[in-house]
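One structure is given here, and the rest of the page talks about it.
The values are calculated or read from the model by the stated rules, or taken from the named source; none is laboratory data. Fair warning: this is a prediction, and the values are worked out from it, not measured in the lab. Neighbour counts are summed over all protein chains in view; Cβ atoms, including those assigned to glycine, are modelled from backbone coordinates with ideal geometry. Side chains included, ligands, DNA and RNA excluded: accessible areas come from the protein's heavy atoms. Shrake-Rupley method; radii C 1.70, N 1.55, O 1.52, S 1.80 Å.
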Amino acid sequence: MDPITYKLNYNGSATSTYYPAVAAFTDLVIDYAEYSITPITKKYRHYLIGYRLEEPRSIEEYIFELLNLGVLWRAYGNTAVGIKYAPFRLMAQMGEWRKTHPRLKPLIDVIRGFTLSFFLVPSPIQRTDHAPRSLNDLDRLITWLEATGDFREDAFRYIRLLGYFGTLPESFIPAIMKKVLVFTDWFASESLRHMGTYTPNVNAFVSTNQSGYRWREDRFACLRSQTEYHLNMVGAEIMNRAYRNEFLSCKTKTVLLPGCMRARAEEKCEGIKSKKGITCSGCEPKCHVNQLREMGRKNNFDVMVIPHSTDLSQWKTKPGEIPSAVVGVACLSVLVQGGWELQRNNVPAQCILLNESGCKKHWDDKGFPTALDIRELKRVVTN
Ligand code: SF4
């Protein structure tokens, strides 16, 4: 079947096609950055260490953060800077409330859908050709990102970057960002060449569904560009490399699966609900979740289903507890934000992509049970 937007196992199993391809492309991105944005990330990392603002992370992660900033600026810079007034704080708060008050989520989502479009996207989104002219331009982008709710984790990261930029002469900002954007443009064209076979229908999906998603709360998650898909592929690979050892050192591991992997609709699933998620009770032998639960029994990992907006801080290790690792599974449009949320909460994590997206709620009128690459899961969990 033709994918809705992307498909990892388009030309054979993802283990033998997609995963080697994304590893090789990520190496290429990191090598190319050496002559472009790596020197900027090294200075930024030095600043973070000097002011003890965070536990220093790998240079590759900071390369990804800057690249992500470039992609977001190209995609949303004009829109964000052009907004004169919006209830930014309230909108960011709504993103929080839907996590902390799951019962109110349907109502909050309707309100969010309307306010997102009305305030944050008053006119059609167009590519931003110029670089940010000042720190203020970047500040406005970050405020906008946080208000969307979808880019909340991105915004958290860039507040520290703004702090660093604030220590530099104002005239440096456009020059630094021009460099970031040159690298971003290189990434956009190279990623199309290397990873484009896995995202064949993104452009068609976005252009066909622009108006249909206009007032929906999932408009940003579902209308991402092809470059954003490729960006998240590389981001997932970089994060997995960075947290591999920490993950492997944990004795207990839990694989967090999205609800769309279930064979039955939400109301017919007999899983047992708790604050952390849903524990499969095995009501349906053909269910992918149930099959992975069986696999977990033999390979020493737990499985849990988590609804889309679950507050991942629930997995945070409490003082005195032995750290427990998780594998986050999600579709390409939300995987990196989930990984960042886990990382912010100090949860040793790895992430695995769904082979394609297909849930009824966001992507497909009828929906179909989604799946992941079993061999990749086994490799990630058991080394
Ligand atoms: S097998 Fe498990 S996850 Fe699948 S529908 Fe039944 S209880 Fe829910």
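Under 5 Å between amide hydrogens, built in the peptide plane, is the criterion, and for Val303 it picks out Val255 among residues at least 5 positions away or on other chains.
Where only DSSP H runs of four or more residues are counted, the chain gives -16000 deg cm²/dmol as its mean residue ellipticity at 222 nm, each run worth -39500 (n - 2.57). The value obtained for the stretch 79-159, namely the Cα convex hull volume divided by the number of residues, is 92 Å³ per residue. A cysteine counts as unpartnered when no other cysteine's C-beta lies under 4.7 Å of its own; in the chain this applies to Cys222, Cys250, Cys269, Cys280, Cys283, Cys287, Cys331, Cys351. Under the convention that each Lys and Arg Cβ holds +1 and each Asp and Glu Cβ holds -1, the size of the dipole of the chain around its Cα centre is about 820 debye. Where the alpha-carbon atoms of the stretch 90-229 are placed on the principal axes, they occupy 47, 38, 25 Å, in descending order.
Using the Cα centre of the stretch 1-66 as the reference point, and only Cβ charges (+1 on K/R, -1 on D/E), how large is the resulting charge dipole? Debye, rounded to the nearest 20.
On the way: 6 positive and 9 negative charges, 37 e Å.
Magnitude of the dipole: close to 180 debye.
Share of antiparallel DSSP beta bridges in the chain, in percent to the nearest 5?
Restricted to the chain, the bridges split so that about 20 percent are antiparallel.
With R₀ fixed at 41 Å, the C-beta to C-beta distance from Phe368 to Arg57 puts the FRET efficiency at about 0.65. With a cut-off of 19 Å on the backbone N, the residues of the stretch 147-184 near the modelled label site 7 Å out from His46 along Cα-Cβ are 161-173, 175-177, 179-180.
Of the residues Gln226, Gln314, Gln343, which exhibits the maximal mean-square fluctuation in a Gaussian network model of the chain defined by a 10 Å Cα contact cut-off? Comparing Gln226, Gln314, Gln343 in a Gaussian network model of the chain, the most mobile one is Gln314. Dipole check for the stretch 246-382: with +1 at the C-beta of Lys and Arg, -1 at the C-beta of Asp and Glu, and the Cα centre as origin, the magnitude is about 340 Debye. Coupling constants for the stretch 111-120 follow from the phi torsions by the Karplus curve (6.51 cos²θ - 1.76 cosθ + 1.60, θ = phi - 60°), and in residue order they are 5, 4, x, 5, 5, 4, 6, 5, 8, 8 Hz; glycine and proline get x.
Here, the stretch 24-122 has an Rg and a Dmax of 18.5, 50 Å when only alpha carbons are counted. Just checking the listed ones, Gly328, Gly339, Gly271: in the Gaussian network model of the chain with Cα springs under 10 Å, the one fluctuating most is Gly271.
Computed packing ranks the peptides 28-37, 59-68 as 59-68, 28-37, most packed first, by mean other Cβ atoms within 10 Å. Label separation (Trp186 vs Arg160): 2.5 nm, computed from points 7 Å beyond Cα along the C-beta direction. Once the Cβ-Cβ distance of Ile125 and Leu104 is raised to the sixth power relative to R0 = 35 Å, the FRET efficiency obtained is 0.75.
A P(r) calculated from all alpha carbon pairs of the stretch 246-382, with 5 Å bins opening at zero, reads 2, 10, 21, 24, 22, 14, 5, 1, 0, 0 percent.
Could you please put Arg379, Arg112 in sequence from largest to smallest accessible area, using a 1.4 Å probe? Before the final figure, lay out each step's value.
Values: Arg379 120, Arg112 10 Å².
If we order Arg379, Arg112 from most to least accessible, we get Arg379, Arg112.
May I ask you to compute the full-extension gain from Ile111 to Asn201, defined as 0.36 nm times their residue separation minus their alpha-carbon distance, rounded to one decimal in nm? Intermediate results must be reported in sequence, preceding the final value.
Values: separation 90, 0.36 × 90 = 32.40 nm, distance 2.96 nm.
29.4 nm is the gain from fully extending Ile111 to Asn201.
Share of the chain's accessible area from carbon and sulfur, percent, 1.4 Å? Reported share for carbon and sulfur atoms: 55 percent.
Over all distinct Cα-Cα pairs of the stretch 187-328, the Kirkwood formula returns a hydrodynamic radius of 17.9 Å. Take 86-94, 255-263 and order them by the average number of nearby Cβ atoms within 10 Å per residue, most first; the result is 255-263, 86-94. Taking Cα centroids, how far is the stretch 288-327 from the stretch 168-238 in Å? With the stretch 288-327 and the stretch 168-238 each reduced to a Cα centre, they are spaced 30 Å.
Which translational diffusion coefficient, to the nearest whole µm²/s, is obtained for the chain from the Stokes-Einstein equation, given a Kirkwood hydrodynamic radius over C-alpha pairs, 4 °C and 1.567 mPa s? Don't skip to the end; give the middle numbers.
Details: Rh = 21.5 Å.
My calculation gives 60 µm²/s for D.
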